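Each remark here refers to the structure printed beneath this line.
Bear in mind that the values in this text are calculations on the coordinates, not laboratory data. Please read all numbers here as calculations on a predicted model, not as lab measurements. Don't worry about glycine lacking a Cβ; one is built from the backbone with ideal geometry, like all the others, and counts go over all protein chains shown.
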Amino acid sequence: MRTLGFGIIGAGLMGREFASAIARWCHLLDVDFRPELRAVCDKNPTILAWYRDRFPGISLLTEDYRQLLVHPGVEAIYCAVPHHLHEELYTAILRAGKHLLGEKPFGIDRKANEAILSVWKERPELFVRCSSEFPFYPAVQRIGQMIEHNAFGPILEVHADFRHSSDLDPDKPINWKRMIALNGEYGCMGDLGMHVCHVPFRAGWFPRNVRAILSKMVSTRPDGKGNRVPCETWDNATLLCEATDPTTGEGFPLTFRMQRIAPGETNSWNLEILGMKASARFSTKNPRRLELLEYTGGEQAWKSVDMGNETAFKTLTGGIFEIGFSDVLLQMFAAFMFEWVHGTPRSRFAGCVTPDETHWSHRLFSAALESQRRSAVIPV
Ligand SMILES: NC(=O)c1ccc[n+]([C@@H]2O[C@H](COP(=O)([O-])OP(=O)(O)OC[C@H]3O[C@@H](n4cnc5c(N)ncnc54)[C@H](O)[C@@H]3O)[C@@H](O)[C@H]2O)c1
């Protein structure tokens, strides 16, 4: 069992999810590595106190990330900070010789993403990936196996979307995710976009071009101090792309929808693949359900499969039980470590987003901004 020394920079919502996953590492049955949380950095002392109380073994709690970068016991860093800090922190982490699991969008914009990738190219021995957990739902793992075995046949259409509803309330106080300076020009695409791109990109379905329609519905929000301040970011984005099916060379429609204001949806990640031989649908609304239509001639009928706990990395939980968000995060963190330790993912769809895939997402979102500005189809 190899022990992997980890640090966290940006220890808020996602940093705590990572710490919690480490705390129940015993849940995983078939991995030959074990992460150890050795250092945590956050600007907020209240957050550091949360770690102090719950993880007494951490040897360094600091507000200065430079101290964490020179900690000799830290081999790899999970970095989950607001987007305007990705370039500064990710490049500093790589220059310090640490492996990196960075959060999306992996740079606030395309320029920042390219700056991160160029520092990584100087240190190719470092293992670098971007987080995205939704492919680790068992139903999506099954869809990934179907893609690997070319079970869909020629692709007719693919639709990937991610919908949140909480910003429907115009009185929801503003946070950094609604500010261009901290979240970026991409708005909801920077916030939600990597999640919808991961499976199509891993399948090799890259957009040739895009027509984007972006909307801003709420122009001001309370600042929590009695005032209303500008709410600047795009709330919703619909991207209609033309992609190429690598197995036939033919084009097909690929749509990505990212919505902060989707009435009634809490955290709905949806994927629909329609092919000539098979079709599949999955939604986190019903996290164990996989809908499939396999066509061999004759009557066309959708069937519904209850997937149970059929995960990429086996766990203590029995095969018939249902899966949840914190379970797929545990799977994703295991996938990062597995690929780092073994040099290859356990399977094609059991891997985190690669740096090149993050660059594809930046090409797409930059083109989408231009498409919105010009009301035109833009090459990606
Ligand atoms: N994978 C997912 O499902 C998912 C979900 C939510 C957010 N995210 C991503 O995670 C990242 C963080 O989002 P979050 O929701 O955890 O945000 P958050 O605001 O909860 O946490 C960010 C933390 O960074 C800290 N911070 C700010 N500046 C810092 C600095 N200079 N040094 C050290 N710490 C600093 C803040 O104090 C805060 O605690 C973003 O990139 C976001 O897009 C991913």
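Summary table
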item	result
Gap separating the Cα centres of the stretch 200-249 and the stretch 130-171, nearest whole Å	16
Net +/- balance of residues flanking residue 362 in space, Cβ distance below 13 Å, scoring K and R +1, D and E -1	-3
Cβ charges +1 (Lys, Arg) and -1 (Asp, Glu), total dipole of the chain, debye	460
Residue 122-residue 342 FRET efficiency (beta carbon distance; Förster radius 30 Å; 0.05 resolution)	0.80
Neighbourhood charge, 9 Å Cβ-Cβ cut-off, centred on residue 196 and excluding it, Lys, Arg +1 and Asp, Glu -1	0
Whether the chain is rounded, prolate or oblate, judged on the alpha carbon gyration tensor where a/c under 1.5 counts as rounded	oblate
Point-charge dipole on Cβ atoms (K/R +1, D/E -1) for the stretch 2-130, about Cα centre, debye to 20	60
Peptide ranges 69-78, 218-227, 46-55 listed from the most packed, as the mean C-beta count within 10 angstrom indicates	69-78, 46-55, 218-227
Shape call, the stretch 119-252: gyration tensor on alpha carbons, a/c limit 1.5	prolate
Residue 217-residue 272 FRET efficiency (beta carbon distance; Förster radius 35 Å; 0.05 resolution)	0.90
Two-site label geometry, residue 88 and residue 43: point separation in nm, points 7 Å out along Cα→Cβ	0.7
Per-selection Rg to Rh, the stretch 101-195 - Cα, Kirkwood hydrodynamic radius	1.05
Highest average packing first - 89-101, 189-201, 159-171, Cβ atoms within 10 Å	189-201, 89-101, 159-171
Calculated from backbone phi, Karplus (6.51, -1.76, 1.60) coupling profile of the stretch 105-120 in Hz, x at Gly/Pro	x, 6, x, 5, 8, 4, 4, 5, 4, 5, 5, 5, 5, 6, 5, 4
For the stretch 211-309: rounded, prolate or oblate by the Cα gyration tensor [a/c cutoff 1.5]	oblate
Extension gain, residue 306 back to residue 53 (0.36 nm per residue minus Cα-Cα distance, nm)	87.1 nm
Stretch gain in nm, segment residue 114-residue 247, where the contour uses 0.36 nm per residue and the Cα spacing is subtracted	44.9 nm
Nonlocal Lys pairs with alpha-carbon distance under 22 Å, the chain (8 or more apart, or different chains)	16
